[in-house]
1. What are the residue pairs meeting all of these: first residue in region 2-19, first residue closer than 20 Å to residue 33 by Cα, second residue modelled with pLDDT under 85 and surrounded by 12 or more Cβ atoms within 10 Å (Cβ to Cβ), Cβ atoms under 6 Å, and 6 or more apart or on different chains?
2. Just the residues that are hydroxyl-bearing (Ser, Thr, Tyr) and in contact with a helix residue (DSSP H, G or I) (Cβ under 7 Å, 6 or more places away or on another chain), please, taken from region 25-45.
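The values are calculated or read from the model by the stated rules, or taken from the named source; none is laboratory data. These numbers were taken from a predicted model, which means no experiment stands behind them. Ideal geometry is used to build each Cβ from the backbone, glycine not excepted, and the neighbour counts take in all protein chains shown.
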Amino acid sequence: MGAPISDILRYAPPNSFIHVDQFDSQQALAAYLKYLDNNNTAYAEYLAWHLEGKKAGCKEVAHLSRHKLHVH
């Protein structure tokens, strides 16, 4: 369901999203979401990439930010 994980990883940092294909069933996904709701440490792991700065963001934007753009 949705975009393949490999496509999402082109734009999103690892451990910054939960993909439905990572679970065997809807019940397993729901159980994991409940686990995260009750476990602040595990939930915080999905936010840790944000503390790493620009390098963890959209890879294309990070690439562009390293190069000067020329307007003709």
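1. Within 6 Å, the pairs are 13/49; 13/56; 16/49.
2. Of everything in region 25-45, those that are hydroxyl-bearing (Ser, Thr, Tyr) and in contact with a helix residue (DSSP H, G or I) (Cβ under 7 Å, 6 or more places away or on another chain) turn out to be 35, 43.
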